[in-house]
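Structure record follows, encoded as C-alpha cells.
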Amino acid sequence: MAKKGLNIYRRKDGRWEGRVRIRRSRDGKAGYRSVYGRSYKEAREKVMALVKELAREEIGQKGSVKEQGTDGCGLTVGEIVDRWMEDKKGDWKESTYACYFQIVERHIRRSIGEKKGQDFDSASCSVFLEGLRRKRDGAKISSSYARSIGTVLRQAFRHMSLEHGRALPVLKTGKAGRGKPVEVPSDHTMEKLMGHLSEHAGDGTCLGVLLACCTGIRIGELCALRWGDIDLEAGVLRVRRNMQRIKQCGQGACGTHVQVQTPKTASSVRNIPIPAPVLQLLEEHRGGEDAYLVAGKRKAWAEARTVQYRFAALLKACGIEGFKFHTLRHYFASRCVRKGFDVKSLSEILGHASVKVTLGLYVHSTMEHKKELINGVFGAAEA
C-alpha cells in the first residue's frame, strides 16, 4: 500500500518502489520511472532526487538544483493549482471539488495566482495565510479555513513535484492558531432544552434535534436521515448518507444545489446505539421507511440551513442563549467522557478516523466539572 500523499509502495519482495510520473518524448504519453530502496526513507530520497534530475533535464540546467525555490518551469501558482485540480477532479466527490474550487477562486487566484511557483516558498505561504487570517475586506477568516487554504497549496505543489516531475518548493504551512474554544452548554441548559424537545417530540425537528443531542450526529447526517435508517428493534441508528448544499463550479456557473451523498470518509459510515428514552419516543412517532425524519414545509426533506433556523427558534423558545447546532456534538462528546466513556468507542460513534480528533477538538471540560474536581481535592477538610 502506498504511503499517504506519495507514490511509494512496498513490494512483495520487501523492497520499496517509488514512481515518478514523466512525459515520454516520442509519443507524448504519460509514463513512469521507478526507483527502489531497502526502506521507505531511502525510496523517498531517491524519488526526490529523480524529481530534481528530471527538472534539470527539462529546463536544460547542468548545475545542482536547490532544495527550495527550484525552477518549476515558469509555472505560476494559479497554473499549479489548476493542473492539480484537473488531475484530481475524477477522484473527488462533487462537494470536495466545489470546496477547493471556491478556495482557489476566492483566495488563491486573486491574491497570488500570478506569482511564480519557484518563488513561492514556505515563508511566502505563511505570510499569505497570516494576512488572510487577520483580515479580508474587513472580515477575519477563521483559523480552520486558513488551514484549508494552506492544505490546497501544499497538496498542489506536492502533486506537481511528484506526479509531473516539476521541481518546486516543498511548502510547510505549519499549524495555524486555533480559533476560539467552543463553549459547551451546561448540563442544566441541556436538560432544559432536551425536556422541551421531549415534550414536543411529535414535531420532526424536535425529535431530530433530540436524537442529535443523544448520538452526536452531524447536522448533514440528520438532514439525510430517513426512518428506514433507524432500526427500532435493534435500537440502532445507521448513518449512511450526508446532505449538504453545494456551490456550482465553472465559468459562468452560479447558484447552489442540495445533494445527498455518502459520507466523505469511511469512518463516518457507522452504527450508533440509541438511548432507551429516545428510542421510546421514536417508536411512538414512527414514520414511513422512505420518509425523512426532519421534513421541510414544501419538500420531503429539510436542508441544514433550514434546520439551523429552526434550532435557533427552539433555543429562543426555551429562553436559552443561542449557540450553533454543531455545539451539540461537542456537548455529547464531553458528557460521554465525563460519564466514563472509553475514547475509542466514542471516536467510532462520532465517526472520527482517529481518537486524536476526538480528544483534541471535541472533548471539553465545563466550569461545573472543574469546580467538582477542585472541590474533590480541596473542598473537604482533612481529618
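Every number here is computed from the coordinates shown, using simple stated rules; none is lab data. Bear in mind that the values here come from a model prediction, so they are computed numbers and not experimental data. Cβ placement follows ideal geometry from the backbone for every residue including glycine, while neighbour counts extend to all protein chains displayed.
For this structure, a couple of remarks:
- At an R0 of 30 angstrom, the distance between the Cβ atoms of Asn271 and Lys324 translates into a FRET efficiency of 0.70.
- 21 Å tail of the calculated P(r), the range 77-164, as % of Cα pairs: 26
- Straight-distance candidates among the aspartates and glutamates for linking to Lys356, with alpha-carbon spacing under 19 Å and chain neighbours fewer than 8 residues away dropped: Asp342, Glu348.
- Derived scalar couplings ³J(HN,Hα) [the range 307-313; Karplus, 6.51 cos²θ - 1.76 cosθ + 1.60; whole Hz; x for Gly, Pro]: 5, 4, 4, 5, 5, 4, 5
- Estimated vicinal HN-Hα couplings, Hz - the range 148-156 in sequence order (Karplus 6.51, -1.76, 1.60; Gly, Pro = x): 5, 5, x, 5, 4, 5, 4, 5, 5
- Close Lys-Lys pairs in the range 187-323, where close means Cα under 21 Å and separation is 8 or more or interchain: 4
- Amide H within-cut-off set for Lys172, under 5 Å, with H built and near neighbours excluded: Ser122
- Burial ranking of peptide ranges 232-240, 78-86, 104-112 (average Cβ count within 10 Å, highest at the top): 78-86, 104-112, 232-240
- Evaluating 6.51 cos²θ - 1.76 cosθ + 1.60 at θ = phi - 60° for every residue in the range 285-293, the Karplus couplings come out as 10, 4, x, x, 3, 8, 6, 6, 4 Hz, glycine and proline recorded as x.
- Placed amide H near Val258: partners under 5 Å, 5+ positions off or other chain: Ile246
- Linear extension gain, Arg109 paired with Glu45, 0.36 nm per residue minus alpha-carbon span: 19.8 nm
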